[in-house]
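Colleague: First, the structure itself, so that you have it in front of you.
The values are calculated or read from the model by the stated rules, or taken from the named source; none is laboratory data. What you see is a predicted model; the values in this text were computed from it and never measured. Here the Cβ positions follow ideal geometry from the backbone for every residue, glycine too, while neighbour counts run over all protein chains shown.
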Amino acid sequence: MSISLDGFVGGANGENEWIFPTMGEDVTTWIVETLETAGLHVMGRRTYHDMASYWPTSTSPFAASMNSIPKMVFTRSAVIERPDLRLTTTALKDASKAHGQTQQMAQPDEAICNLWLNPNVGGTDLVSEIGELKDSDGKPIVAHGGASFAASLIEHNLVDEYHLIVHPVALGQGLPIFDRLPNPLSMQLVECRQFAGGAIAKVFEPNKITQ
């Protein structure tokens, strides 16, 4: 996830235009390399609607991995509506604007569209379901937002690695992801990479606490 210097992953209304000035090609390459390792994308309901509306017709370098890798959507209702452009959030509109795209989409490839329209659905027991996914064989699970979904994963200690792109901007207010911690979370830095535009990629692993 992209995160500001003061710990927000989105503006107060989900705005993310602040990430694009420092999203150079080197940042894109680093993100794509991470996405290509995934065996499953997991996300919250609102993020699913954004992505299902955006990626099937995108020409972004991220599109191939986002479209081809299986998805699982977590929602408390255990039911998701069919994707609808009217349900997109401020974050998607900011991304579209930054890439010179409009909300009018071309006809997507049918196979890609079907992958987005028929995700696995979970959410009635987040801890148990994520735990079962982690215990199964396969490639890494990459979790996307939104902020509330990410905060739930963090709250229940379900994240094994934090891949954060820290952008050189302070927002003052916005959407946090570490605000539900029951106790301080100690982590160790396992990778740090600075990019030409000023953003820094940091990968953390939670410290293992031995009783």
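Colleague: So, in the range 1-34, how many residues would count as being farther than 16 Å from residue 143 by Cα and aliphatic (A, V, I, L, M)?
Modeller: Number satisfying all stated conditions: 5.
Here's the yes/no breakdown for (1) surrounded by fewer than 19 Cβ atoms within 10 Å (Cβ to Cβ); (2) outside any loop (DSSP other than H, G, I, E, B); (3) modelled with pLDDT of 95 or more; (4) out of contact with any helix residue (DSSP H, G or I) (no Cβ under 9 Å at 6 or more places or on another chain):
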site	(1), (2), (3), (4)
142	no, yes, yes, no
170	yes, no, yes, yes
178	yes, no, yes, no
189	yes, yes, yes, yes
198	yes, no, yes, no
210	yes, no, no, yes
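Colleague: Quick one: residue 40 ticks every box in (1) farther than 12 Å from residue 199 by Cβ; (2) touching a Ser or Thr at 6+ places or on another chain (Cβ under 7 Å) bar one, so which box is it?
Modeller: (2)
Colleague: May I ask you to list the residues in the range 175-211 that are without any contact (Cβ under 8 Å) to a residue 40 or more places away in the chain and either in contact with a Gly (Cβ under 8 Å, 6 or more places away or on another chain) or β-branched (Val, Ile, Thr) (or both)?
Modeller: Across the range 175-211, the qualifying residues are 190, 200, 209, 210.
Colleague: When the range 7-29 is examined, which residues are found to be among the aromatic types (Phe, Trp, Tyr) and either surrounded by 17 or more Cβ atoms within 10 Å (Cβ to Cβ) or touching a Cys at 6+ places or on another chain (Cβ under 7 Å) (or both)?
Modeller: 8, 18
Colleague: While we're here: Please go through the range 62-76 and give me each residue that is in a helix (DSSP H, G or I), crowded, with 16+ Cβ neighbours inside 10 Å and either touching a Gly at 6+ places or on another chain (Cβ under 6 Å) or touching a residue at least 40 places away in the same chain (Cβ under 8 Å) (or both), ordered by number.
Modeller: Selection gives 67 alone.
Colleague: While we're on this one: Considering only residues that are surrounded by 17 or more Cβ atoms within 10 Å (Cβ to Cβ) and in a loop (DSSP other than H, G, I, E, B), look in the range 32-61 and name the one that is modelled with the lowest pLDDT.
Modeller: Ranking the qualifying residues of the range 32-61, first place goes to 58.
Colleague: Taking the range 147-163 as the region of interest, how many residues are farther than 21 Å from residue 122 by Cβ and surrounded by fewer than 18 Cβ atoms within 10 Å (Cβ to Cβ)?
Modeller: Adding up the residues that qualify gives 1.
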